[in-house]
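Below is one structure, written out as structure tokens; the observations come after it.
All of the numbers you see were taken from the coordinates with simple rules; none came from a lab. Because the structure is predicted, anything quoted here is derived from the model rather than measured. Heads up, the Cβs are rebuilt from the backbone with ideal geometry, glycines too, and the neighbour counts pull from every protein chain shown.
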Amino acid sequence: MPAPLPPPRIDVYAVCWNEEQMLPYFLRHYTKYAQQVTIFDNRSTDRSVEIVRSFANTAVESFETGEIMDESKLVEIRNTAWKRSRGRADWVIVVDIDEIIYHVDLPGYLASCAAGGITVCWPVGYEMYAREFPATSGQIYEELKFGIPRPKWNDKPVVWNPDAIEEMNLGEGSHTAEPVGRINVDSARRELKLLHYHLLGVDYVLPRYRARRERLTQEMNERKWCFQYHFEADRINKRIGMIESQAWQIVP
């Protein structure tokens, strides 16, 4: 019987602005696996920084955008920050605060991918939902297990080997990528799930949208980036209802 593979070294990177509600779930999940979780904070005015610092194996780095949502700056961070993990980590995960990379045995899957020469994992994306923000003090997916596949938006290449990849060339929202380097994608397996915990009840979503809408630049509005931030309660409820009507259990 072959010896079990050693657990991989994982670094996680994310950008943040006023995410005090979601951060505990994000950090409870990723700090189980990562040697370090680095949060790039865009001058949050809530308890986000305090929450990050309350978890072990985390780091916070602030960046300034002049109180606007500068997508070009977010893209730059996602495309460059992970390079500091070269020679240190076996895998990097570059996600948003509402994105959970899930596998029943995440370290085991990544170790097997590394042993098989895989250098890029392309998770299958799911839009998760709730009528009310979760109340669990455990993992968010222990309470919220249902959603729908959303391949156009949530299938994103956000897990890769930092020593094998020279550039990921992630686009807006990491929805596109043009990786350069030693590329071998886990296309035959694709066992990772990207759980997008975004639509978690109108009382959570609506204030979040309104606050972020105020930070959108003219260019972002013209290009319809983050168009969902213009939705009001009826549109949000309609979207949640649509997902609810089609949802099935995504997490065991």
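Calculate, for Asp203 and Thr31, the FRET efficiency according to 1/(1 + (r/R0)^6) with r their C-beta to C-beta distance and R0 25 Å; round to the nearest 0.05. That pair, Asp203 with Thr31, gives E of 0.35.
Axis of helix 233-246 versus longest Cα principal axis of the chain: the two differ by about 40°, to the nearest ten degrees. Remark: spin-label model distance Arg43-Lys83 equals 2.6 nm, labels positioned 7 Å along the Cα→Cβ axis. Restriction of the trypsin sites (Lys or Arg not before Pro) in segment 150-232 to DSSP coil positions whose beta-carbon has at most 16 other beta-carbons within 10 angstrom yields Arg182, Arg189, Arg190, Arg223, Lys224.
Per-residue 3J(HN,Hα) values for segment 106-114, derived from phi via the Karplus relation 6.51 cos²θ - 1.76 cosθ + 1.60 with θ = phi - 60°, read 4, x, x, 5, 5, 5, 5, 4, 4 Hz in sequence order (x marks Gly and Pro). Between Glu166 and Glu143, the simple spin-label model (points 7 angstrom out along Cα→Cβ) gives 4.6 nm. Among the listed pairs Lys156/Lys193; Lys145/Lys193; Lys152/Lys224; Lys73/Lys193, a Cα-Cα separation exceeding 18 Å is found for Lys73/Lys193.
Computed from point charges on the beta carbon alone (+1 for Lys and Arg, -1 for Asp and Glu), the dipole magnitude for the chain about its Cα centre is near 360 Debye. Based solely on its DSSP helices, what 222 nm [θ] is calculated for the chain when runs of n ≥ 4 H residues each add -39,500 (n - 2.57) and the sum is averaged over all residues, nearest 500 deg cm²/dmol? It comes out at -8000 deg cm²/dmol, rounded to the nearest 500. For Gly181, the amide hydrogen comes within under 5 Å of the amide hydrogens of Glu166, counting only partners 5 or more places away or on other chains and with H modelled in the peptide plane. Its alpha carbons give the chain an Rg and a Dmax of 17.7, 61 Å.
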